[in-house]
Structures are given as C-alpha cells and as structure tokens.
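Read the structure below first, then the notes.
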Amino acid sequence: MKHTIVLNGCSETFLSQAEEVNGFAAAYLKDSRADKTIIFHCTDRHKPFLIANSPTPSTQLIRLPRYQPEIILRTLEQLEASSNTELYLFPGDFAGSELSPRLAYRLGGSSLIAVNKISRTENALTCHKAVYSNYMQAEFKLSERPYCISLAKGSTDPLPIAVENDVEKDVSEIDIANQEWNNTVLSFKGDQESEPEKACAHIVDYEFVKKEAASGLENANYILVAGRGVKMKEKVDKLHTIAGQLGAELGVSRPVAMSAWAPLNKLIGVSGIMAKPQICITAAVSGAAAFYTGIEKSKLIIAINTDRGAPIIRASDLAIVDDYEKVLDELVQIITEAQCKGDTSL
Amino acid sequence: MNILTCFKIVSDLDLMSESDWVVEDHFRINTSFVKNMINPYDESALEITLLYKEQAEKLGSAVNLSALTIGSKQLDAYLKTLYALRFDKAVRIENQHDLRFSPDAISTVIANYVKVIKKPEVIILGRQSGVGDNAKTPLLVAEHLGWPCISQAVKIEPASEGLLKVSSMADDGLVIETIRPPCVLSIGNAPNSYLRIPTLKDKVNYGKKEIEVLEIENYLNQAVLEQPSEGHNITGLKPINHKRQGVVIEGSTPAEKAQNLYHNYLQERLKQL
C-alpha cells in the first residue's frame, strides 16, 4: 500500500501531529510504502523545522496565508486527483478530523474519523474505532480508495522523528500565492481572482486569538480531576487550590467545562485532553466512557465518589467511597505535615 | 436570514449498565430502555441558534428559524418544545431505517431537503453524536451543497449587512471570522450552551403548532436507504473493557481513609514523581 501523510504546519501543534502520525505508521503501516508528507505552512521561517520533523523522506511543502480548510481542500483536490495514493493519514486534531472526510468526498474515496487501529485486507482497509460514546469498539471495512482516515487521539504513543543525517530529504515546494502555479496546476488561467481568494470568498474578516498557555495536563505526572458531582464553580476553584497543595494539575470532565466552571483547556476526555499521568485522582466523577478514555492511560487511578455503584469505582485501581471534599482536605493535611517532616518529595 | 438547525435524539448511554451492552443481530444494541436526550452538541447548536436570533432581532434583523430531525414520531415531543422556544418551523423526516453508521446518507437527506426548500442560508449542526460517533455529517452536508463549512464553532453573532460573526476553536487558538452566507456551521465544545426551558405559557401558546412530517424516500433513493453506500461497512462490534481492580479503601472516617490511601498507596509513589 502507498500512503501519504497530511499535516498542518501552520499550527504550533505540528510536532505533536507529526509524532502522533509517525507512531501510528510505525505500529500499523510497516509494510506500506510512505509516498510523502504534505505539510501546509504559513511562513518560510519554520521550513527547516517542518522538513526535519516530516515523518517521511519525501516532503511536499505548500505555503498558504494561514490554515484555511477551504483552500487546503481545493489544493489537495487538484493536486492529488491523479495520484495513486491508497491511504491519506491525518492526525486526530481538529484540522485532521475536518479535512479527512471532505477530501475523501472530493476524491471519491472513503473515510473514517478517530481510527485507533488499521489492517490491510484484500481490496479493503479494516479500521477500528470507538463508537457508542466510547462504550464500544467497532470494526469497519473501507472499500473505496483512497482511504482518508484521521487518528483517534492517544491511540498510539507518539514517536519522535528519527534524525538520519546521511539521508537527504526530498523536498518540493508550492506557494499557492504564486499566480503561475495557480494558472498551470489549478487551471484558473485568466481569472481575476486567484484560487485562494475564490476558496475564501465567504470570509469577509478574520482574526486569530492564540490559545491561552497550555494547561500542562497532557504531560502531567499527577492530576486531580473534578467531575459533575462538584456541582458549582466555587468547588472547582477550591479543587484548583487543593491540586496545587497536592502538587497536581487540575483537570475537569465535560459537564464541568460545559458549565464554564473551568476553562476548556482543562477538559479531559475524547473531546479534550488525553492524559497519561502516573497518578490520577478523580473527585465526584461518575466515569462516563467518553471521559474515562482521557485518563485510561494513567498508571494509577484513584476514585473518590459517594456512590459505590458509580462506573468510575470499577474502572479505578483504588476507590474511596466518601465525600471528596472531606477526603481531600484530610489528604492535603497529611501531605503538608509530611512535607514539614521532609517525608515526601513534594 | 433563514437558519436551519439540525438535531438528533440519542439514548443517554451513560445510563446503560455494563451488562446492557449486548450486541444483537446486524450489530444492533438495544438502548431503548434508557432515557432519550438531545445529542449534547446538537443541544448547543439549538441554544446558539436561539441566542443568535435574540441578538439579531435586537438589531432589527428578521430571523426565521427551522429545526429538522430525522426519525420516528416519538421525536415530535422535542419538536414541540422547539416550537415553544420560538422556532418558526419544525420538520421531521420520517425514518425507520438503520442509519447509525451512515453519515453520508444522513447528510444527503439534509442537503436534498435544503435544495428542495431553497431557503436556509445557514445550516447549523452539532459536530458529532454518540452511537455512530461518525463526526462527519456537517462536513458532508457542506460538501453535498458545495458550501463552506466552519467546524468547531462555539459562538455565532450577527454582523452588519446579513453577515455572521463566527467564533470557532482551532488547534492552537480561537478563530473569529465574519462570514458571508451560505455556510454550514458545525458546533463544537461551546460552554454555557445548555438548551433553555420554555415557559408554560409559551408551551401553551406555541407548542401545539403542526409539525411538518416528510418521507425520507423523497430525499434519498430507496436502494441507498436499504443498503447505504458509505464506502465503509461495519463488520464487528464489541464492548470496551474499562475494568480495573476497584479496591475500595476502607475506614470509619474520611480522615482514616485518607491516612490509609497516603500511607499504603501514595507515599512511595509521590516520592518517585
């Protein structure tokens, strides 16, 4: 099989995209031939970094004014129409999830989002993904080529790109602002508007507000998670303080984030961060599967909940059936005393 | 401006117990005994639509809201609630076919409905729903119509001259765009977007309007309905095992339990962090 990777080099998340896809390819595409990595980017300044971290020896850089899905899709559609690539691999971020099915539609292929495992069978690609809100794992057979899939976040461990000094990378470049390229490749010769302008005609004004500083949850070793059962913002604020006293990072479940009791960058679960700490303490979390997926790579899960029948109890290593506030207040006191005695690393 | 908001009613899967996850013929799972709800992303889509209408009308712009769902007569109760919340039109496309994993079929139906009524300039949908977890319907509606799509939208405000100001989440920030319709908006994680509850008075005054019921066969080929051609077929389904040891730490007080947790399980681990 021949596969092509598509990455968004306009985003600060480029490296994690590259390593995510590289890890997946190493796990499931050992027998496949990597055709190239297509990287959309916005500034020449980052080119050496993008090329160095491209997961394949061959890289196609496509420069555009900013990440804009309509431009990217028009470009990929034109560029790849005659390609014999069988599989397009996209990362599991917002960009990958929106581009993969739309590209499949345009190229007459088939697509699946949030894929966590693949295998090749004759005339089909077998893909696995979570369905039923992460309670079930489904197997699908994709039959129409090209297959365009985006990955499930956290499905494989990220794999850093190997630096091979003796291998020269094959790099080709396109600047879509280049009118000549528009005229020849996209066949819009003579048009008043350039191709990027056409694809973005619906956008009258654009502003980008950079994300607030990363919460650190993705790489935290120790996290405390507030669930729906905390019931109000003041309690989440208090848990934030407790997390600090415990030396942990605070995360929240979706109901807490959707009630705006905590910022979205604290959201853990399939629609947020996939954490992989050594220790995860959940407070008043029920344990819905879509949330649990975000902590399932924790080495040790400790659940504190008043309901012994809550799903999180069975899905944890250790559980305390009690009021989370009382337990955590006591735990803070114990740890503070231990710190005074020099009995802990915190 | 004419806005069509599409929504799906789903079972509250978090209420299913472990033993309820039984795979039946054709990879079906009986979820009928748990309560239904509006898919959370679609709930956000509906509330954001209502917020937009309120803001636009304050600025003197007329907004006509339609709500569309696909399914059986049981869904009419939700459509009546939307009438009570002052949606102008509630439409249900009758369907009994299994379209759980058929976002292309669903998006074709929505796109064909839009082509027939020629009305909405804006289509708003939640980005994903449980059961199928396909996360493709808004994107494919846009493709079928040849419209642009803004995904992960979290806020929609009126702008001058029939334009929309749309805020959407990107992987590394927030994008705020002023958009000229037509467009499809796919709603992502939008905090504070739980659907409002209608007043009793509005339920009485508006909740009894007639729901327009259409046949799905008018919008999708019968053969496709019976065998949706999605380029993919489901060939397996099994529960995901989330079980761990679940050792319950005993103690007569919270203090005793915390002591037990710290001394027997946490102390050494914390030193290694």
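The values are calculated or read from the model by the stated rules, or taken from the named source; none is laboratory data. Everything numeric in this text was worked out from a predicted model, so none of it was measured. FYI the Cβ positions are ideal-geometry reconstructions off the backbone, even for glycines, and counts take in every protein chain you see.
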Sort through B:LEU164, B:LEU200, B:LEU140, B:LEU125 and tell me the only one that's hydrophobic (A, V, I, L, M, F, W, C) and either in contact with a Gly (Cβ under 9 Å, 6 or more places away or on another chain) or surrounded by fewer than 21 Cβ atoms within 10 Å (Cβ to Cβ) (or both). B:LEU200
When the residues of segment A:319-334 are narrowed to those that are more than 7 Å from every other protein chain (Cβ to nearest Cβ) and buried (at least 20 other Cβ atoms within 10 Å of the Cβ), which ends up farthest from B:ASP12 (Cα to Cα)? A:LEU328
Criterion (of a type in the set (A, V, I, L, M), facing another protein chain (nearest Cβ under 7 Å) and in contact (Cβ under 8 Å) with a residue 40 or more places away in the chain) met by exactly one of A:ALA288, A:ALA284: A:ALA288
Is it true that A:PRO57 is under 18 Å from A:ALA25 (Cα atoms) and out of contact with any helix residue (DSSP H, G or I) (no Cβ under 9 Å at 6 or more places or on another chain)? yes
Selection over segment A:297-318 where residues are under 22 Å from B:LEU270 (Cα atoms), more than 7 Å from chain B (Cβ to nearest Cβ) and not in a strand (DSSP E or B) yields a count of 3
Filter segment B:170-186 down to residues that are more than 7 Å from chain A (Cβ to nearest Cβ) and not in a loop (DSSP other than H, G, I, E, B) and give me whichever is farthest from B:TYR41 (Cα to Cα). B:VAL184
Considering only residues of segment A:115-124 that are modelled with pLDDT of 95 or more and hydrophobic (A, V, I, L, M, F, W, C), which is surrounded by the most Cβ atoms within 10 Å (Cβ to Cβ)? A:VAL115
From the option list B:GLU217, B:GLU212, B:GLU226, single residue qualifying as touching a strand residue (DSSP E or B) at 6+ places or on another chain (Cβ under 6 Å), within 27 Å of B:ILE38 (Cα to Cα) and more than 8 Å from chain A (Cβ to nearest Cβ) is B:GLU212
Kindly check whether there is at least one residue in segment A:126-136 that is crowded, with 23+ Cβ neighbours inside 10 Å, under 25 Å from A:MET274 (Cα atoms) and more than 9 Å from chain B (Cβ to nearest Cβ). no
Which condition number does A:MET258 fail, the rest of (1) closer than 19 Å to A:ILE312 by Cβ; (2) in contact (Cβ under 8 Å) with a residue 12 or more places away in the chain being met? (2)
Report yes if A:SER111 is without any contact (Cβ under 8 Å) to a residue 40 or more places away in the chain, outside the structural domain of A:THR293 (by TED's automatic domain parsing) and over 25 Å from A:PHE208 (Cβ atoms), otherwise no. yes
Can you confirm whether segment A:236-245 contains a residue that is more than 10 Å from chain B (Cβ to nearest Cβ), assigned to a strand (DSSP E or B) and within 18 Å of A:SER316 (Cβ to Cβ)? no
Residues being part of a helix (DSSP H, G or I) and either out of contact with any Lys or Arg (no Cβ under 7 Å at 6 or more places or on another chain) or at pLDDT below 95 (or both) - total across segment B:115-169: 12
Scanning segment A:244-261 for residues that are closer than 13 Å to A:LEU224 by Cα and of a type outside the set (S, T, N, Q), the one farthest from the chain's Cα centre (by Cα) turns out to be A:LEU246
Just give me the residues in segment B:39-51 being of a type outside the set (A, V, I, L, M, F, W, C) and either under 11 Å from the mean Cα position of the chain (by Cα) or crowded, with 24+ Cβ neighbours inside 10 Å (or both), in sequence order. B:ASN39, B:PRO40, B:TYR41, B:ASP42, B:GLU43, B:SER44, B:THR49
Quickly run through segment A:19-38 and pick out the residues that are part of a helix (DSSP H, G or I) and farther than 13 Å from A:PRO57 by Cα. A:GLU19, A:GLU20, A:VAL21, A:GLY23, A:PHE24, A:ALA25, A:ALA26, A:ALA27, A:TYR28
Those residues of segment B:191-202 which are more than 8 Å from chain A (Cβ to nearest Cβ) and either assigned to a loop (DSSP other than H, G, I, E, B) or of a type in the set (D, E, K, R) (or both) amount to B:LEU195, B:ARG196, B:ILE197, B:PRO198, B:THR199, B:LYS201, B:ASP202
Is at least one residue of segment B:78-87 of a type in the set (D, E, K, R), touching a strand residue (DSSP E or B) at 6+ places or on another chain (Cβ under 6 Å) and not in a helix (DSSP H, G or I)? no
Expected single match for closer than 24 Å to B:SER44 by Cβ and surrounded by 22 or more Cβ atoms within 10 Å (Cβ to Cβ) among A:SER316, A:SER286, A:SER253 is A:SER253
Which condition does A:LYS141 not pass, out of (1) touching a Cys at 6+ places or on another chain (Cβ under 9 Å); (2) part of a strand (DSSP E or B); (3) touching a residue at least 24 places away in the same chain (Cβ under 8 Å); (4) within 11 Å of chain B (Cβ to nearest Cβ), if it passes all the others? (3)
Residues (under 12 Å from A:ALA226 (Cα atoms) and part of a helix (DSSP H, G or I)) located in segment A:262-296: A:LYS266, A:PHE291
Across segment B:216-257, which residue is surrounded by the fewest Cβ atoms within 10 Å (Cβ to Cβ) among those that are of a type in the set (Asp, Glu) and in a loop (DSSP other than H, G, I, E, B)? B:GLU250
